[in-house]
Amino acid sequence: MMRVQLKDTLALHTNLSSDQKYIVFEIGSAPSGDTYYRIENDANRLVPYDSSLFNVVSDKLNGDWTILDKPNHSSARLPTEIAYMTFWEEFYNDEPKALRAFTQAKARLYLEELEDTEIKDILESNNEEAIYFVLNTLIRTRCDTFTNETIQFAKKRLEENRYPEGNILLATFQYLSLFQEEHINEFFVYYLTNIELGNDELTEIVSNYFAS
């Protein structure tokens, strides 16, 4: 997988940050010979950018990337999951097949490239979309490395009485319930003794955890 970072420059680039390392989801070559990187910018939009704007900070492309030759004499290299000609058109039109394929590709690239400290930083950040994505990736892979950070995140949400805000807290409970560990037991006991902070979906997960 490939990651790039914006070059030090006085020019301002909308929705790009100089301290951010961006995952590349497509490397494209135009007929003119120009190269672009399609990345997810700070507004969570998948956008192609001129490669000259970036320095490559990690280049781990492997056999899971496929080259597509396009009819207009351009080409693109993409992860296998999304390497078909109509992918981006379907993705931007919110076609379910394309959205699922992108989620699979993104989850794999995250786990291949992101260091533990970077995943911890996401879980401790205020970027709810990134947190939710990481949690669901950890659920799918049953990776137990980040249970402590997840507990701290869940406690903060419970204490702030912010559990009605969608599925993010539900995902933390689903993730933690995958592992029988003492500190998870203690957290779920904490939850049950402060039941006024919870809701029926969370309580069901905890009940099933202790019943298993």
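Could you check the range 190-212 and list, in sequence order, the residues that are exposed (fewer than 12 other Cβ atoms within 10 Å of the Cβ), modelled with pLDDT of 85 or more and among the hydroxyl-bearing types (Ser, Thr, Tyr)? If the condition is that a residue be exposed (fewer than 12 other Cβ atoms within 10 Å of the Cβ), modelled with pLDDT of 85 or more and among the hydroxyl-bearing types (Ser, Thr, Tyr), then THR193 is the only one that fits. Residue count for the range 26-45 satisfying the condition of being touching a helix residue (DSSP H, G or I) at 6+ places or on another chain (Cβ under 7 Å) and either part of a strand (DSSP E or B) or open to solvent by less than 40 Å² (accessible area, probe 1.4 Å) (or both): 3.
Yes or no, residue by residue, for (1) touching an Asp or Glu at 6+ places or on another chain (Cβ under 6 Å); (2) over 15 Å from GLN5 (Cα atoms); (3) touching a residue at least 60 places away in the same chain (Cβ under 8 Å); (4) basic (Lys, Arg):
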site: ASP42; (1), (2), (3), (4): no, no, no, no
site: PRO48; (1), (2), (3), (4): no, no, no, no
site: TRP65; (1), (2), (3), (4): no, yes, no, no
site: SER75; (1), (2), (3), (4): yes, yes, no, no
site: ALA83; (1), (2), (3), (4): no, yes, no, no
site: THR86; (1), (2), (3), (4): no, yes, no, no
site: GLU90; (1), (2), (3), (4): no, yes, no, no
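Within the range 70-95, restricting attention to residues that are among the aliphatic types (A, V, I, L, M) and in a loop (DSSP other than H, G, I, E, B), the residue that is nearest to the chain's Cα centre (by Cα) is ALA83.
Listed here are the residues, each with its yes/no results for (1) part of a helix (DSSP H, G or I); (2) surrounded by fewer than 19 Cβ atoms within 10 Å (Cβ to Cβ).
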| position | (1), (2) |
| --- | --- |
| SER125 | no, yes |
| ILE131 | yes, no |
| LEU138 | yes, no |
| ASP144 | no, yes |
| ARG157 | yes, yes |
| THR172 | yes, no |
| ILE184 | yes, no |
| PHE187 | yes, no |
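The single residue among ASP94, ASP8, ASP50 that is modelled with pLDDT of 90 or more, over 24 Å from THR137 (Cβ atoms) and charged (D, E, K, R) turns out to be ASP50.
Taken residue by residue, the range 96-115 has no member that is part of a loop (DSSP other than H, G, I, E, B), touching a residue at least 12 places away in the same chain (Cβ under 8 Å), in contact with a strand residue (DSSP E or B) (Cβ under 8 Å, 6 or more places away or on another chain) and buried (at least 18 other Cβ atoms within 10 Å of the Cβ).
The values are calculated or read from the model by the stated rules, or taken from the named source; none is laboratory data. Predicted model, so just to flag it, every value in this text is computed and none were measured. As a convention, Cβ positions derive from the backbone with ideal geometry for all residues, glycine included, and neighbour counts pool all protein chains shown. Calculation scope for accessible area: heavy atoms of the full protein, side chains included, ligands and nucleic acids excluded. Shrake-Rupley method; radii C 1.70, N 1.55, O 1.52, S 1.80 Å.
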